[in-house]
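To keep things clear, I will list the structure first and then write my remarks on it.
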Amino acid sequence: MRFYIATDHAGYAVKEFTKDIVRSLGHEIIDLGPDSADRVDYPDFGKKCAKAVTEDKGSFGIVICGTGIGISISANKIKGARAALCHDAYTASMSRAHNDANILAFGERVVGRGVIETIIRAFCDTPFEGGRHINRVNKIE
Ligand code: RB5
């Protein structure tokens, strides 16, 4: 899988950790910034990641801010983006199985590093179930 990752300043502290996990699972990850913990606006980075994902068919994204809320709302303004704010492995797994999420969002101030790892594993390991969920996902568009 190819991932794009973007954060704001509040998500920056776990960006390298998150990239290491994704790579350790055998996936590619492209960093869209920011390059420091200086204050930035989460909509700029949420939308940047969502644009990259929707323009690169079959790719996925990870967006991180303090709560995961602002950056996921922003990502979801881009047509074709399905950013899921996840708090645990269950929500991450279901976001793939039922919602065909193409962007994983979480909050650096909400989940710890152990939970981040289980969230990413669940997101990567769970395929979209298709079937009855296809029509519902299509209706989102
Ligand atoms: C930044 O302080 C914080 O507001 C942002 O990271 C995010 O949590 C917004 O939803």
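The values are calculated or read from the model by the stated rules, or taken from the named source; none is laboratory data. Values in this document were obtained by computation on a predicted structure and should not be read as measured data. Don't worry about glycine lacking a Cβ; one is built from the backbone with ideal geometry, like all the others, and counts go over all protein chains shown. The protein model used for the area step is the full one, side chains on, heavy atoms only, and it has no ligands, DNA or RNA in it. Shrake-Rupley method; radii C 1.70, N 1.55, O 1.52, S 1.80 Å.
A few points about this structure:
- Under the membrane-span-like helix rule (DSSP H runs whose alpha carbons stretch at least 15 Å along the helix axis, mean Kyte-Doolittle hydropathy -1.0 or higher), the chain yields 42-55, 113-125.
- Counting only the Cα atoms, the chain fills a convex hull of 87 Å³ per residue.
- Accessible area (Å², per residue) of the chain, counting only protein heavy atoms and a probe of 1.4 Å: 49
- Neighbour net charge for HIS27 - beta-carbon separation under 12 angstrom, K R +1, D E -1: +1
- Whole-percent carbon and sulfur share, accessible surface of the chain, 1.4 Å: 50
- Highest-fluctuation residue, LEU104, LEU85, LEU25 considered, GNM on the chain with Cα pairs under 10 Å: LEU25
- Amide hydrogen proximity for PHE60: with H placed 1.01 Å from N in the peptide plane, the residues at 5 or more positions away or on another chain lying under 5 Å are ARG2, PHE3, TYR4.
- Normalising the average separation of contacting C-alpha pairs (under 8 angstrom, six or more residues apart) by the number of residues puts the relative contact order of the chain at 24 percent.
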